[in-house]
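The next block holds one structure in the form of structure tokens; read it before the comments.
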Amino acid sequence: GAGADNDLYINQAIVFIEDAIQYRSINHRVDSKSLWLYRWYYSRTCQWILSLTITVILALAFIEEPSSLTITSDVRYRLPAWNPPCGLTESIELLCFLVFVLDVSVKSYLIGWKEFWKNKWLMAYILTLAVSLTDWIVSLSFFCKESVRIRRILRPFFLLQNSSMMKKTLKSINSTLPEMASVVLLLAVHLSLFTMFAMLLFARTKDNQQDKEWMVYFRNLPESLTSLLVLLTTANNPDVMIPAYSKNRAYSIFFILFTVLGNLFLMNLLTAIIYNQFRGYLLKSVQSSLFRRRLGIRAAFEVLSSLKEAPASAQQSCVSTGALLQVLQKAEMDSRCKQAIMRSLKMCSCDQLSAAQFQKLFEELDKDAIKQHPPSPEYQSHFMQKMQFAFGHPYFGYLGNVVALANIISICVVLVMDADKQPSERDDFFLGAINCFFILYYLLEMLLKILAMGLKRYLSYPSNRFDGLLTVILLILEIATFGVYGFPHPGWRPEFMGLLSLWDMVRLVNMLIVFRFLRIIPNMKFMALVVTTLLDLVKNLRAFAGILVVVFYAFAITGIILFKGAVVPLGNTRYIGNKANASVFSLWVNNFCIIFQGKKKVISWCSAHFQAEVIYCLLYVLFVHLICRWAKIYFVAWWLISSVIWVNLFVALLLENFIHKWDRRCQRESLSDIEYQRTVELMFRDVLEEPTEEELMEKLHQHPHLQLCR
């Protein structure tokens, strides 16, 4: 009947609006049962269960054999790790697989078979599950004694396919690869040409004493290529040129030319290309997200215009405000946006909304999230008003910053004076006394600010929450110190009591005081701009971080499979030579035996210089001492992906975010009581193009499950 049809249209509109809010595709089944299943699948509970399952299956690598459950990674000191019995982790893994099977089944049903065959991600999902389940069965048939588990490398795929933004980011990276490949090829040509020059320059001669450069770095083609590749990372600089430089200073020209052309020109050119191309492809991806949002809103309008109570009009379709209010009350959306839309709807004098008016109402979704701070309390007393003015003034905050700086300087003076003293000679009276004074000032400052601003307004500022939390922790630690060790006095060096010694308590307090000094950041505009840029990257670029986790995880697992047990205890390492002793021993006690160490090796390489040191040490040990030349492929692949590509992508996103914030800072006046919170989509909002009416209607008529009335 008409009532059932109206309920269906209302539910369809609710789902389409929720799709628009989350930038989801609307190409799914729209019958009553499918809509209920769709909303259940995308409910917070189901998505939380799915996220928890992904976390659990990724975390299994830390307890599976070889287990990471040891305090230290040094094989000399660590106890035998606990390895779970066969079947324990496999049972947990099976439960995770069952959740994933249910996930892919629901997704496949909701989009329909026609759309399923077009969706490469879902097909890859099913293939990954099939391979993982097969490997799981093989593992049980070998009683968990198999050396290689393919499914462990495939686990990051479950994280990747669960995020639409991660898929878009990966697609943008994939589209950028052809442009990057041209510079990488140029880099390879640069490396090859200089390798040939090096082999000619440092060829073997009759005098063995003068052949150190040839013997150590340029003995043959693979070693020459490896030496210059490591030099490109600046890891073996200046070691690689010292033998030749000792023989003739003119040889330094070769290494200077190689470094200048490779590092200063080609690597920075690669950064520029990645920034330009990746920004363009990410912009296209965000443009498609905007189209999805507009399409979802228009689909909601079209189904609501089909309601039986809507007046028939040959001119144009329209939606009643009552029907839209009914949809808004049931739709899951941000309370700020919902209230703003309802406010606009009540201010509208008309009972019927056209398509343009309907779309304009939902433009609230595209606006910055604005956080308005609560008002300050209004005091009747003239004295309290003066107090409020004095302690709510920015100059009072500046005074607090000066006091915090004085506290830092006093701590530095005491640390310099006590640097060479033995613990028994150290007098903690002065440091304890000044800490007591400054902490009391911090407490007084916090209370006076709360008096001037009110508790709600005080807590609405992140800098105040940070400041207040550290002040309370410092006060608790100071009270605990006095309770255990008494008040400071000359010669204050009591014996160890309680959980921490007096010196440990004082050090902990001082570390928190140093950390509290970060409160000055909001008062320095340019520094605040830099910090907010970094915080926005942390909050909004979760897709980028997710792909980073995928890369780290895959390389860590691959490293464990390839190099587990490759570096063994060497006993007496003197036969290796002085140069490699430290490197070999360091790798022996911290190698790719377990996931923590595998990840630690990989994560360490994100720092440019330390990354280069690690690659040099690993290449030296694995190539020279273990005669494992094919290991170069693994390390060079990691260097290309992590340092050459991934770090440059991060720089590109950092530049885009910073430039965007800088432009907006120049255009917008500083409003002290308003905070603007941005997302990745809003970062490009000013340059996006609105889809036309024809494009939206054409796409709606292509919907595989929705039949429009017009």
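Could you check Glu223 against (1) loosely packed, with under 15 Cβ neighbours inside 10 Å; (2) over 30 Å from Val131 (Cβ atoms); (3) at pLDDT 80 or above and say which number it fails? So the condition that Glu223 fails would be (1).
Of all residues in the stretch 32-68, those that are outside any helix (DSSP H, G or I) and out of contact with any helix residue (DSSP H, G or I) (no Cβ under 8 Å at 6 or more places or on another chain) total 3.
For the stretch 562-576, enumerate the residues that are among the hydrophobic types (A, V, I, L, M, F, W, C) and either modelled with pLDDT of 80 or more or not in a helix (DSSP H, G or I) (or both).
Ala566, Val567, Val568, Leu570, Ile576 - these are the residues of the stretch 562-576 that are among the hydrophobic types (A, V, I, L, M, F, W, C) and either modelled with pLDDT of 80 or more or not in a helix (DSSP H, G or I) (or both).
Close Cβ contacts (under 7 Å, 6 or more residues apart or on different chains) running from residues in the stretch 215-238 that are in contact (Cβ under 8 Å) with a residue 24 or more places away in the chain and under 14 Å from Phe197 (Cα atoms) to residues that are hydrophobic (A, V, I, L, M, F, W, C) and in a loop (DSSP other than H, G, I, E, B) comprise Ser224/Phe218; Ser227/Phe218.
The listed residues are Leu295, Leu232, Leu257, Leu261, and the only one of them that is over 30 Å from Asn27 (Cα atoms), at pLDDT 85 or above and either of a type in the set (S, T, N, Q) or under 36 Å from the mean Cα position of the chain (by Cα) (or both) turns out to be Leu261.
If you go through the stretch 645-659 one residue at a time, do you hit one that is farther than 30 Å from Ser227 by Cα, among the aliphatic types (A, V, I, L, M) and at pLDDT 80 or above? Among the residues of the stretch 645-659, not one is farther than 30 Å from Ser227 by Cα, among the aliphatic types (A, V, I, L, M) and at pLDDT 80 or above, which makes the answer no. Out of all the residues in the stretch 325-338, which are over 17 Å from Ile10 (Cα atoms) and surrounded by fewer than 13 Cβ atoms within 10 Å (Cβ to Cβ)? Those that are over 17 Å from Ile10 (Cα atoms) and surrounded by fewer than 13 Cβ atoms within 10 Å (Cβ to Cβ): Asp334, Ser335. Residues that are assigned by the TED database to the domain that holds Ile439 and part of a strand (DSSP E or B) within the stretch 367-417 are absent altogether. Taking Asp420, is it open to solvent by 40 Å² or more (accessible area, probe 1.4 Å), free of Cβ contacts under 8 Å to residues at least 24 places away in the same chain and among the acidic types (Asp, Glu)? Considered against the rule, which asks whether it is open to solvent by 40 Å² or more (accessible area, probe 1.4 Å), free of Cβ contacts under 8 Å to residues at least 24 places away in the same chain and among the acidic types (Asp, Glu), Asp420 comes out as yes.
Filtering the stretch 462-474 to residues that are farther than 11 Å from Leu443 by Cα and surrounded by fewer than 19 Cβ atoms within 10 Å (Cβ to Cβ) leaves Pro462, Ser463, Arg465, Phe466.
Taking the conditions (1) open to solvent by 60 Å² or more (accessible area, probe 1.4 Å); (2) in contact (Cβ under 8 Å) with a residue 60 or more places away in the chain in turn, Ser175 satisfies each one other than (1). If you take the residues of the stretch 475-493 that are of a type in the set (A, V, I, L, M) and at pLDDT below 80, which of them is most open to solvent (accessible area, probe 1.4 Å)? Ranking the candidates gives Val484 first. Since Asn83 meets every condition but one in (1) open to solvent by less than 60 Å² (accessible area, probe 1.4 Å); (2) touching an Asp or Glu at 6+ places or on another chain (Cβ under 8 Å), which condition does it not meet? Here Asn83 clears every test but (1).
Summed over the stretch 122-155, residues that are among the aromatic types (Phe, Trp, Tyr) and modelled with pLDDT of 90 or more total 2. Arg457 - would you say it is buried (at least 18 other Cβ atoms within 10 Å of the Cβ) and of a type in the set (Lys, Arg)? Judged against the criteria, Arg457 is a match.
The rows are residues; the columns are (1) open to solvent by 40 Å² or more (accessible area, probe 1.4 Å); (2) part of a helix (DSSP H, G or I); (3) over 30 Å from Leu231 (Cα atoms).
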{"position": "Ile137", "(1), (2), (3)": "yes, yes, yes"}
{"position": "Leu140", "(1), (2), (3)": "yes, yes, yes"}
{"position": "Val148", "(1), (2), (3)": "yes, no, yes"}
{"position": "Phe197", "(1), (2), (3)": "yes, yes, no"}
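The values are calculated or read from the model by the stated rules, or taken from the named source; none is laboratory data. Since the structure is predicted, the reported quantities are computational estimates derived from the model, not experimental observations. In this analysis, Cβ positions are derived from the backbone assuming ideal geometry, glycine residues included, and neighbour counts consider all displayed protein chains. For accessibility, only protein heavy atoms count, side chains too; no ligands or nucleic acids. Shrake-Rupley method; radii C 1.70, N 1.55, O 1.52, S 1.80 Å.
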